[in-house]
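Worksheet: the structure to be examined is printed underneath.
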Amino acid sequence: MTDDVLPAPAPQRARRLPRAQRRSQLLDSALQVFVAKGYHSTSMDDIAEVAEVSKPVLYQHFPGKHELFLDLLETHLGQLEEMLVAALSSTDDNKERVTATMTAFYEFISREDEAYRLLLTSGMDNDEAVESRLDRFFDRVAGRIAEVIVDDTGQPMAEATLLGHGLIGMVTAAARHWSRLSERPDLDVSSQLTSRLAWRGISGFPKEGEAASGDSAASAPD
């Protein structure tokens, strides 16, 4: 008498999800792969494998790798913009406002998903579509900073916008440097250092009426 041989279990198919939920899952999987391998070393096969779906399912949602990357970039730029705008609106004290804004940026790059790599280390700096999206993002954030500067100092908008780009450029450059270090300073320390540097500069533009009373960058608190 021979033992009964049980048939091998049929391979499991990816569980069907509502379209929006599936799209979100695919974006999460794509982020994992882009962060781990970079854009150029990532394939749609890699993303489908991590997402545990077939390539046709992946292509139902995204025409190709480039479109998928751009969608992912827009998603996380939107999240970062919300964080920065919330920080700008969190207080009327300008020193605290600068600290909150710089801290929000560093909180973004400290997230476990490492989405900051899409902005800083993806290897897509020369891609026109990526560059245009980053330019629009920085223009929007610099514009929000400029609005605060104009309200507080009466500075012309063109000049305030230049200052806004300077501030966001400062933290972006510092964060890019931080991301490339093998031995990185603590993020809280990095945030405080950048905040102090930014405040020493921006405090040189006093609120309307304060210049006449003798306030100056030299008398601004650390």
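The values are calculated or read from the model by the stated rules, or taken from the named source; none is laboratory data. Because the structure is a prediction, the values reported are computed rather than measured. No Cβ is skipped: glycine too gets one built from the backbone with ideal geometry, and neighbour counts run over all protein chains shown. Accessible surface is based on the protein model in full, side chains and every heavy atom, while ligands, DNA and RNA are left aside. Shrake-Rupley method; radii C 1.70, N 1.55, O 1.52, S 1.80 Å.
Scanning the stretch 83-102 for residues that are among the hydrophobic types (A, V, I, L, M, F, W, C) and farther than 16 Å from His165 by Cα yields Met83, Ala86, Ala87, Ala100. Of everything listed in (1) more than 26 Å from Leu68 (Cα to Cα); (2) among the hydroxyl-bearing types (Ser, Thr, Tyr); (3) not in a helix (DSSP H, G or I), the single unmet condition for Thr99 is (3).
Residue count for the stretch 45-69 satisfying the condition of being open to solvent by less than 60 Å² (accessible area, probe 1.4 Å) and within 21 Å of Gln21 (Cβ to Cβ): 11. The set of residues in the stretch 103-153 that are open to solvent by less than 40 Å² (accessible area, probe 1.4 Å) and of a type in the set (Phe, Trp, Tyr) comprises Phe105, Tyr106, Phe108, Tyr116, Phe137.
Screening the stretch 28-90 for helices (runs of 4 or more DSSP H) wholly inside it with 1 or more residues that are touching a helix residue (DSSP H, G or I) at 6+ places or on another chain (Cβ under 9 Å) and within 16 Å of Val130 (Cβ to Cβ) returns the ranges 65-88.
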